[in-house]
Every structure is written in C-alpha cells, then in structure tokens.
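Written out below as structure tokens is the structure these notes cover.
The values are calculated or read from the model by the stated rules, or taken from the named source; none is laboratory data. All values derive from a computational prediction rather than experimental measurement. When we count neighbours, we look across all protein chains shown, and the Cβ atoms used for this are built from the backbone with ideal geometry, even at glycine.
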Amino acid sequence: MDDRPLTNGPGGAAILAAGIGALALGVFAFAGDAVHWIGRAFSIWPPSGALSGVTTAAIAVWLGSWYWLARRWRGRTVALAWVNSAAFVMLLTGLLLTFPPFMDFLQGK
Amino acid sequence: MEITYRDLITVLHGMGFGTLFMLAFSGAIGVIYTTAVVGPGSQTSRWNARMFRFYLISMAVLAWLTVLSGAYIIYPWYRAVAPAGTTDLSGFPRQLLLSSPHTAGWHELGMEWKEHIAWFTPITMTMVAYVFLKYGPQLALHRHMRNAVLGFTAVAFFATAVSGGVGAFLNKVAPVRGGADIILLRVQ
C-alpha cells in the first residue's frame, strides 16, 4: 500500500454514494408499495416481484452515483463532516421508508 | 435424517451466509478500530492490514450472497401462488400466513420489512470494505471517515439483525419447504 497520505475525496464519494443508494432503496420500496403501476413496473423478474426491480434500480443508482462522485472528487479533499451528515440522513431516511408501518402512515392507511 | 432441497437452501441462506456474516460483525468493529488506533507506519500493521482487508471483503461477499440467495432463490418459493382450490397451503408460506389474522402480520410487517432492509447491509459493507482497502492504516488520519465507517457498520448490523431475526421467526411460523428429499444420514 502507498504510504503517501491520501486525500479524503474517494472515501467521501464511497460514503455519500452509500447514503444515496440507501435512500434510493427506501424511495423505490415506498413508491412500489404506494403506487400500483410503479410496483408493477419494478417487477422485472416476476418470481421475485417488485423486489427485483426495487433493488436493481437502487443498486444502479448507488453504483452510478459512486462512479460520478469518485470521478469528481478524485484527488480532492472534501468537507467530510458534511458528507457524513448528508450520508447518514439519507441512510436513516431510507431505513425509515422501508419500515411498513411508516409506509402505511405516509399513505394514510 | 432427511431434509428437503428448499430446507437445505434456506439453511444455507440463513445459517450459512447470514449467521456467518453476523458472527463476523464484532470482528469488523475490532478490525476498524484497531487499524485506526495503530495508524500508518507500524511494522506489524502491513500484515494485519492484509488480513483485515481479506476479512472485510469476505464480509461484503457474504452479505451479497445472503441477499441474492434470499431474493432470487428463496423469496420466489415463499411468494408462490397456490392453484385455485388448494386447501393445504403449507407449500405456499405467504398465502399460509395471510390466511389467518393471527399470522398475517408476519408477512405484512415481518417479511415486507425484511425483504427490503436486508439490502442495506451489502451496500454499506461494500462501502466499508472499499474504504478499508483504499485507506487501510491511513484511516487513523481521517477521523470523520473512520466515524462514518463505524456508523455504517453499526447500521448494517441493525439491518442484518432485523432481517435475520424476522427470517428465523418466519421459518418457524411458515417454513419454506419442498423439492427433492436429501438424505443427510441413514440411522439404523
């Protein structure tokens, strides 16, 4: 491993992208549950139903945002405290959006 | 001693990949913390860092194997629809659970939460493994990054505990069974 101090950009990109991916997972899961045609559209592999599309789309958003951020922040130092805060807010929001009672609450059920 | 094919795959998913992953969590927290304390430039840290990298990559691989086997092998068995007129729903766990108000919650809350929350784990653990691979002992120089990695690891632990715990209960209430019988041992 290279002993030269590394900038925090690549790490920040991975952390923020994980937060984005988690939020995407929550949003897609909620959308698939709340809107019938979105749920049907997410059913890209019928045996697994909407779960197949929800998770595939979330992984695509996660990897796509990671790639984009990694290119943008390569060799750069970023304000990691803010990146962490944003990533954790997105992670916790994503978690909450997958919790069925919270999904039902948002849908007024 | 016999077991059905679906039972075997479910055991592999839950007890093989999932439980092994859960057992590795305390080690992961220790690995990240130790690396951050030792810091770069230590003579012993290079060997440790190599082993720690292998450890965290293995965890990420186990997390992916767990969710992929769950979503694409076991979940279709769980949600299979019984032919019209079927009275014995034991081979159709989702319908079996929904057939009674006493068990419907296991699907409506348990499975519907489990099927999504489990996916937070491979995403977060892949990030953790990447950061560790990239920075290794230099994590000691990046306090915020170390905190983020530990925080995401803790959330991954929570997500795994929820999905694993719910999965264990679901397999008690409405087990996924079927397929060919596999003889594990012949007892005279």
Based on this model, can you work out whether A:Ala57 counts as surrounded by 15 or more Cβ atoms within 10 Å (Cβ to Cβ) and either in contact with a Pro (Cβ under 8 Å, 6 or more places away or on another chain) or in a helix (DSSP H, G or I) (or both)? yes
Step by step: first the residues of region B:150-188, then only those that are out of contact with any helix residue (DSSP H, G or I) (no Cβ under 8 Å at 6 or more places or on another chain) and of a type in the set (Lys, Arg), then the one that is farthest from B:Leu62 (Cα to Cα). Which residue is that? B:Arg186
Which is away from every other protein chain (no Cβ under 14 Å), more than 17 Å from the chain's Cα centre (by Cα) and part of a helix (DSSP H, G or I), of B:Thr34, B:Thr10, B:Thr86, B:Thr19? B:Thr34
A careful count of residues in region B:108-129 that are surrounded by fewer than 24 Cβ atoms within 10 Å (Cβ to Cβ) and free of Cβ contacts under 8 Å to residues at least 40 places away in the same chain gives 3
Unmet requirement for A:Pro47, which otherwise passes all of (1) surrounded by fewer than 22 Cβ atoms within 10 Å (Cβ to Cβ); (2) facing chain B (nearest Cβ under 8 Å); (3) out of contact with any Pro (no Cβ under 7 Å at 6 or more places or on another chain): (3)
Within region B:90-99, can one find any residue that is in a helix (DSSP H, G or I), charged (D, E, K, R) and at pLDDT 95 or above? yes
Hey, B:Ala80 hits all of (1) closer than 26 Å to B:Thr19 by Cβ; (2) modelled with pLDDT under 90; (3) not in a helix (DSSP H, G or I) but one; which does it fall short on? (2)
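Please state which one of B:Ala60, B:Ala159, B:Ala80, B:Ala118 is within 12 Å of the chain's Cα centre (by Cα) and at the interface with chain A (Cβ under 9 Å from one of its Cβ atoms).
B:Ala159
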Check region A:3-23 and report whether any residue there is under 22 Å from A:Lys109 (Cα atoms), facing another protein chain (nearest Cβ under 10 Å) and among the acidic types (Asp, Glu). no
With respect to B:Phe132, determine if the residue is more than 9 Å from chain A (Cβ to nearest Cβ), crowded, with 21+ Cβ neighbours inside 10 Å, without any contact (Cβ under 8 Å) to a residue 60 or more places away in the chain and not charged (D, E, K, R). no
